[in-house]
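The values are calculated or read from the model by the stated rules, or taken from the named source; none is laboratory data. Here the structure is a predicted model, which means the values were calculated and not measured. Don't worry about glycine lacking a Cβ; one is built from the backbone with ideal geometry, like all the others, and counts go over all protein chains shown.
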Amino acid sequence: MVVDPYAAIGLQRNPFIGEEQLSEPDGIWLDRGFSEPPEPKARQLVQILGDKGFGKSSHLKYWRSHTGGSYCYYPPGLGRWKFPKIESIVYWDEGDRLPFILLIPALILASLTGTTIAVGTHRDLGFWAKLFGLKVTTIELPPVTPQLLQTWANLKIKAAIIPEQNCPVKLSLSEAEEIIEKAEGSWRTATDYLHIWAAAIAIKRAKTKSFST
């Protein structure tokens, strides 16, 4: 008898599957102190600085869910050669990849129109923004802590439980500490490890149930 490994532990799916793969995102958000979205039409640049996987994109998308506005992701390579829209509020993801020849006129236009730019970046863009009259706010995201990861992970597990069933799976603080150490503080990498962790538990439980039937 084939047993669904996740159903064997009371789950509809792996709790740490990517949001883009869900028909309806679970909407779980934990405040790290920067949840208040920027004010639109404020002639400002709000930049989120942080290493890869620390939560820059997550914050931009969370803010945008409250304010609306255009969202522009700048990939490596030729895809970064695109001029961003300028509206009351706009979001630039990986904005440090925006070529300088496009960055400068975009900042000038934003200043002239009173635009708010929220940008996730690995490089400080404040000098150029101030030069053209934009107020600059800089947020530096710290690495995710074991306590925060534990809380978030257990909320994700709870959201994936099959209705009216129990799930014995919970992430302990010691497990969270081990994952954070492996992930070197990266939220994205920690999520990958959590996906593997949950899958291993589900497969082990499914094998046990298969042998017992």
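Results, tabulated for the structure shown:
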{"item": "Among the candidates Arg32, Arg43, residue that is of a type in the set (Lys, Arg), in contact (Cβ under 8 Å) with a residue 40 or more places away in the chain and over 30 Å from Ala199 (Cα atoms)", "result": "Arg43"}
{"item": "Qualifying residue in the stretch 164-177 (condition: surrounded by 14 or more Cβ atoms within 10 Å (Cβ to Cβ) and over 25 Å from Phe16 (Cβ atoms))", "result": "no"}
{"item": "Complete set of residues in the stretch 168-180 that are of a type in the set (A, V, I, L, M, F, W, C) and either part of a helix (DSSP H, G or I) or not assigned by TED's automatic domain parsing to the domain that holds Ala200 (or both)", "result": "Leu173, Ala176, Ile179, Ile180"}
{"item": "Close pairs (7 angstrom Cβ cut-off, 6 or more residues apart or separate chains): within 8 Å of Val90 (Cα to Cα) in the stretch 60-74, modelled with pLDDT of 95 or more and part of a helix (DSSP H, G or I) anywhere", "result": "Tyr71/Arg64"}
{"item": "Contacts under 7 angstrom Cβ, first residue in the stretch 75-86 being within 21 Å of Lys52 (Cβ to Cβ), partner of a type outside the set (D, E, K, R) and surrounded by 11 or more Cβ atoms within 10 Å (Cβ to Cβ), 6 or more apart", "result": "Arg80/Tyr74; Arg80/Leu98; Arg80/Pro99"}
{"item": "Any hit, the stretch 133-144, residues being without any contact (Cβ under 8 Å) to a residue 60 or more places away in the chain and surrounded by 14 or more Cβ atoms within 10 Å (Cβ to Cβ)", "result": "no"}
{"item": "In the stretch 57-96, the residues that are under 14 Å from Thr121 (Cα atoms), in contact with a helix residue (DSSP H, G or I) (Cβ under 7 Å, 6 or more places away or on another chain) and buried (at least 18 other Cβ atoms within 10 Å of the Cβ)", "result": "Tyr74, Tyr91, Asp93"}
{"item": "Filter result for Ala202 (among the hydrophobic types (A, V, I, L, M, F, W, C) and more than 11 Å from Phe16 (Cβ to Cβ))", "result": "yes"}
{"item": "Considering residues of the stretch 182-208 that are buried (at least 16 other Cβ atoms within 10 Å of the Cβ) and outside any helix (DSSP H, G or I) only, the residue modelled with the lowest pLDDT", "result": "Gly185"}
{"item": "Listing of helices (runs of 4 or more DSSP H) fully contained in the stretch 61-164 that carry 1 or more residues being closer than 30 Å to Ala176 by Cα and at pLDDT below 95", "result": "146-159"}
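To keep it simple, each residue is scored yes or no on (1) touching a residue at least 60 places away in the same chain (Cβ under 8 Å); (2) assigned by TED's automatic domain parsing to the domain that holds Ser57.
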| position | (1), (2) |
| --- | --- |
| Leu112 | no, yes |
| Ala118 | yes, yes |
| Leu148 | yes, no |
| Asn166 | yes, no |
| Lys182 | no, no |
| Thr191 | yes, no |
| Ala200 | no, no |
